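Notes for the one structure printed next.
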Amino acid sequence: MHGVPVLRGTRVPIQTLIDYLEGGETLEDFLAGFPTVSRGLALQVLEEATQQRRNSAAPV
């Protein structure tokens, strides 16, 4: 996908998941629209993003 990070094993950009959630859609809405993405994978990506955000916000 030209360097765009995607959900592992799919061609669905991670940003698409984030955009859905930021736009007020639910995880269920996203999963219904992208049946190649498992719930477990979506949750794993969200957890990793949360951890990265926490780590980057931590004071040095």
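Condition first: more than 16 Å from residue 6 (Cβ to Cβ) and not in a helix (DSSP H, G or I). Now tell me which residues in segment 19-39 satisfy that.
The answer is 23, 24, 25, 26.
Scanning for something assigned to a helix (DSSP H, G or I), of a type in the set (A, V, I, L, M, F, W, C), at pLDDT below 95 and exposed (fewer than 10 other Cβ atoms within 10 Å of the Cβ), does segment 40-51 turn up at least one residue?
No.
Quickly run through segment 9-39 and pick out the residues that are hydrophobic (A, V, I, L, M, F, W, C) and either more than 18 Å from residue 53 (Cβ to Cβ) or surrounded by fewer than 12 Cβ atoms within 10 Å (Cβ to Cβ) (or both).
12, 30, 31, 32, 34, 37
The values are calculated or read from the model by the stated rules, or taken from the named source; none is laboratory data. Worth saying up front: this structure is predicted, and the values here are computed from it rather than measured. Counting neighbours? That spans all protein chains shown, and the Cβs are built from the backbone with ideal geometry, glycine included.
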